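The values are calculated or read from the model by the stated rules, or taken from the named source; none is laboratory data. Here the structure is a predicted model, which is why all the values come from computation and not from measurement. Glycine also receives a Cβ, built like all others from the backbone with ideal geometry; neighbour counts cover every protein chain displayed. What goes into the accessible areas is simple: the full protein's heavy atoms, side chains included, and nothing from ligands, DNA or RNA. Shrake-Rupley method; radii C 1.70, N 1.55, O 1.52, S 1.80 Å.
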Amino acid sequence: MTENSTPPVVLVDGSSYLFRAYHALPPLTTSNNLPTGAIKGVTSMLRRLEQDYPGSKVVVVFDAKGKTFRHEMYEEYKANRPPMPEDLAVQIEPIHNIVKAMGLPLLIVPGVEADDVIGTLAHEATSKGIDVVVSTGDKDMAQLVSDHVTLINTMTETAMDRDGVSDKFGVAPEQIVDYLALVGDKVDNIPGVNKCGPKTAVKWLQTYENLSNLIEHSSEIKGKIGEYLREATDTLPLSRELATIRTDVELDFGLEDLTDRRQDDEALLGLFREYEFRNWIAELENADSKSPDTTDPAPVEKPEKRYSMVTDQGELDQWLERLKQAELFAFDTETTSLRYMDAEIVGLSFAIEPGEAVYVPLGHDYMGAPEQLDRDSVLGQFRPLLEDPTRKKVGQNLKYDKNVLANHGINLEGIAEDTMLESYVYNSVGSRHDMDTLAREYLNENTITYEAIAGKGAKQLSFNQIDLEQAAPYAAEDADITLRLHQTLSPKLKTTGRLEAVYREIDLPLVPVLSRMEQRGTLINASTLRQHSQELAERMSQLEEAAHEVAGEAFNLGSTKQLQAILYDKFGLRVIKKTPKGAPSTAEPVLQELAHEHELPRLIVEHRSLSKLKSTYTDTLPELIHHRTGRVHTSYHQAVTATGRLSSSEPNLQNIPIRTEEGRRIRQAFTAPEGRKLVAADYSQIELRIMAHLSGDKGLLNAFAHGEDIHRATAAEVFNVSLEEVSSDQRRSAKAINFGLIYGMSAFGLSRQLEVDRKTAQHYIDRYFERYPGVLTYMDNIRKQAHEDGFVETLFGRRLYLPDINARNKQMQQAAERTAINAPMQGTAADIIKRAMIEVDNWLRQEHPDDAIMTMQVHDELIIEVEESALDKVREGLIQRMSAAAELDVPLLVEAGVGDNWDQAH
DNA sequence: GCGACCCA
DNA sequence: TGGGTCGC
């Protein structure tokens, strides 16, 4: 075989797939009963083909309607074929249309069968030294196989070269025609030799090599079968001719007519919508088949930029008027600080039409700055517009702008769109969701970076210090880009699954809720924390002293480098794991393991965890208390995690230890003010409940319906004992299994967790799936679906794309599979608590505007600060609303406690 | 098992 | 920038 650097030409036998797809797939129909199974099957096959043969030219060939030259040759040809079923016939035209929209040449030659068109093109290609791949579901095509022609079946993903043909048929490709002539074909009504099947045909051909030689020596064949052969000698040449695929048909199409593929996305999108192939629509809008965001920026029309600056009242009046008339406008604030609690407004920018934007500077106070309009006067003029919920605004991360405006006593309403959230809902993992990234990705625009105008590092200017020559275009661009991003992203959301609803009903209405929580903040008892810090310091120095003693020398416990030297060089402890750089690891699990052999690692582990707590919480929390409010104002981030959860920073509320005494003491420092209490309510076992709901497993549903202790119930099933007999150890194991399942843990992981051997762990898992078969089915299905679609969804339709789900690297693929299992559960939990927050906030503002406020959200928990007089009512209402945030097939249990501090409220 | 934030 | 710990 010659090496050929040009990719092979791929010739697709569309007709063969048509029938196979029709029979292989369930009878899919659209909502108005249009059959689509074959359309989907063939389209899916073509898509796969494109992936498998990236640089190749592809030609798709179908049979034409009506008779062919074979009918003229032999009247009875294909006489035994049943007529095409009506529900297949109606699918042919749609398939042709999809092929065309995909930009693939579609060949239908009247009077010539697809086989012969393919044979002819294959012949043409090989004669020009181009290799050929024939994609077909029809094994008769094996006769075309040669050193330069390979057969593949894209549906079964099998390939057949020369050796493949020999293996499969027992004869060489050149003998296939003779073979087919001997065996005949019932359906095509090719006569063949009576009683001669594959085995006989192969035997004969192995002995006589070809048909004419066999006929010549037909007298040598003994027995009844010999008689049948001799009877057939008259018809065999005809049979042979019928079975022969022609390679010399006259076509008005040649390989030189192949042009570069040009897919018509619009047309294809229309067709996919018509046939309701929802899964493909999102992928189509982006060139990449799986992950919508990894595509090259589409060639976007770039409007001419008309950016201006307003420094006099007359111009401002004009803009105010235009903004009032606008159906939707983009706006952005420029401020003195990125921290929302300290930020003061330096300017405002607006955009109504793509390409046109204005900046209104209000507080640039560098030496020589031009005269600007008075800030408070301008803000006063904008106030009615900004506070009017019917005036629709679009922004990039409007939560920030809402917070900043609140610092000036303006309550931003009418948050109609947020491009950061549009991007996040559209593809949570594809990229970052800051404006520079989005502009590059969706608009093919390189925006002015903040660094470019403000400098970086210690010399970085705050916005009020930046020269207006530079600041104005930067600020105006922000508004312009935001508007255009919205125009690009909005239709994408609308046409992709249920993403529009996730965005509009969950993430967008959450913005003002989070903004209010951030602004309110939470009360922190600084003196408790300082006390705690001191105690931690004492304990740490004790540990340090002990560690130095054990080590026989003084060293910095915080330095992994010094620690490595002592553990591995000095004491020669075994190296369990290495860091990516090759140094022996001192990570926690490693030290935990080494603690069996040496005293030092245990001291280090404890020291480290105390040190972490001290530096991140007990030392830092008091510093985060805001001078103006006396409270701590966490930032909630809505566009960070892949699964839809919120994250928080300054402080990160999600990392406070939950079970340890140290963690409890940190929670004790989160307090209620005089006359108020904290109510903390959390969803009990929400992820397991979601698993029960999504899987529909009877056993799990039952256990939850009866309010059983789920870990105990699991233990009873897995260890085959009654509920009463479950030991605490068995319950602990069951709990580990339950969580392990949610995280996609392996038997290996579970065995480590439980400190049992792997076989035992595997046995537990097997028992679990035996007892809860619905869970097993669910997990298999979701894995399968992830492979097919390239994404998974939460109950509400939030999507998580898994670009690695079909990666060649097995580890990456398995990691993606674990995410596929975990994300729907974790993401659904996130959706539910977000819905609850929106409800609860709404209710509290209506019913308890002065005596209760929601202050924190941590994982599956909401915390409300409430007047003692309203305690019972608020507690009940909170539980009720959280429980009602989703209707699952299991009850959503919410547990709530009350206390003077967060720990007590548990 | 993986990811978010924080620290050195 | 990488390593660590916590969470789910």
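Couple of notes before you dig in:
- In Å², nearest 10: area of A:His148 left accessible to a 1.4 Å probe: 60
- 18 Å Cα-Cα reach of A:Lys199 towards lysines, excluding residues that sit fewer than 8 places from it in its own chain: A:Lys139, A:Lys168, A:Lys186, A:Lys222, A:Lys224
- Accessible area per residue for segment A:813-906, computed on protein heavy atoms with a 1.4 Å probe, is 39 Å².
- Subtracting the Cα-Cα distance of A:Arg440 and A:Asn720 from 0.36 nm times their residue separation leaves 95.0 nm of extension gain.
- Gain on full extension, evaluated as 0.36 nm per residue between A:Val640 and A:Asp52 minus their Cα-Cα distance, stands at 208.3 nm.
- A:Phe719 contributes about 50 Å² of solvent-accessible surface, heavy atoms of the protein only, 1.4 Å probe.
- Förster radius 45 Å - calculated FRET efficiency between A:Glu174 and A:Lys65 (Cβ-Cβ, nearest 0.05): 0.90
- FRET efficiency estimate (nearest 0.05) - Cβ-Cβ, A:Arg808 to A:Phe748, R0 30 angstrom: 0.85
- Label point distance in nm, A:Asp87-A:Asp729, each placed 7 Å from Cα along Cα→Cβ: 5.8
- A:Asp780 versus A:Arg574: modelled label distance in nm, points set 7 Å from Cα along the beta carbon direction: 3.9
- Added length on full extension, which subtracts the Cα-Cα distance from 0.36 nm per residue, A:Lys612 to A:Lys128: 167.3 nm
- Gyration tensor verdict on segment A:68-153 (Cα atoms; rounded if a/c is under 1.5, prolate if a/b is larger than b/c, oblate otherwise): oblate
- Calculated FRET efficiency, A:Glu321 to A:Ala526, Cβ-Cβ distance, R0 = 51 Å: about 0.50 to the nearest 0.05.
- Bridge type composition, segment A:306-520 - antiparallel percent by DSSP, nearest 5: 50
- Helix A:313-325 and the longest principal axis of the Cα set of chain A meet at an angle near 50°.
- The heavy atoms of A:Asp697 present about 10 square angstrom of accessible area, all protein chains included, probe 1.4 Å.
- Folded to 0 to 90 degrees: helix A:468-494 orientation relative to chain A principal axis, Cα: 50
- Going by accessible surface with a 1.4 Å probe and the largest first, A:Arg516, A:Arg602, A:Arg835 read A:Arg602, A:Arg835, A:Arg516.
- Rounded to 10°, Cα long-axis angle of helix A:198-208 versus longest principal axis of chain A: 60
- Of all lysines in the structure, those lying under 28 Å Cα to Cα from A:Lys492, and not within fewer than 8 positions of it along the same chain, are A:Lys40, A:Lys100, A:Lys290, A:Lys302, A:Lys305, A:Lys324, A:Lys392, A:Lys393, A:Lys399, A:Lys402, A:Lys784, A:Lys834.
- Percent antiparallel among DSSP beta bridges (both partners in chain A, rounded to 5): 65
- Cross-link partners of A:Lys735 among lysines (Cα-Cα below 21 Å; sequence separation of 8 or more within a chain): A:Lys698, A:Lys759
- For A:Leu723, neighbours were defined as the other residues whose beta-carbon sits under 12 Å from its Cβ, and their charges (Lys and Arg +1, Asp and Glu -1) total -3.
- Heavy atoms of the protein chains alone define the surface here; on that basis segment A:422-526 has 35 Å² accessible area per residue at 1.4 Å probe size.
- Taking A:Tyr743, A:Tyr307 and ordering them by how much accessible surface each has at a 1.4 Å probe, largest first, produces A:Tyr743, A:Tyr307.
- Portion, in percent, of the accessible area of chain A that falls on carbon or sulfur, probe 1.4 Å: 47
- For A:Leu214, neighbours were defined as the other residues whose beta-carbon sits under 10 Å from its Cβ, and their charges (Lys and Arg +1, Asp and Glu -1) total -4.
- Which of A:Asp569, A:Asp178, A:Asp138, A:Asp161 is most accessible, then next, and so on - probe 1.4 Å: A:Asp569, A:Asp161, A:Asp138, A:Asp178
- Lysine-lysine proximity count for segment A:523-630, Cα under 27 Å, sequence distance 8 or more or distinct chains: 12
- Residues in segment A:157-214 average 51 Å² of solvent-accessible surface per residue, probe 1.4 Å, ligands and nucleic acids excluded.
- Environment charge at A:Asp388 (Cβ cut-off 11 Å; Lys +1, Arg +1, Asp -1, Glu -1): +3
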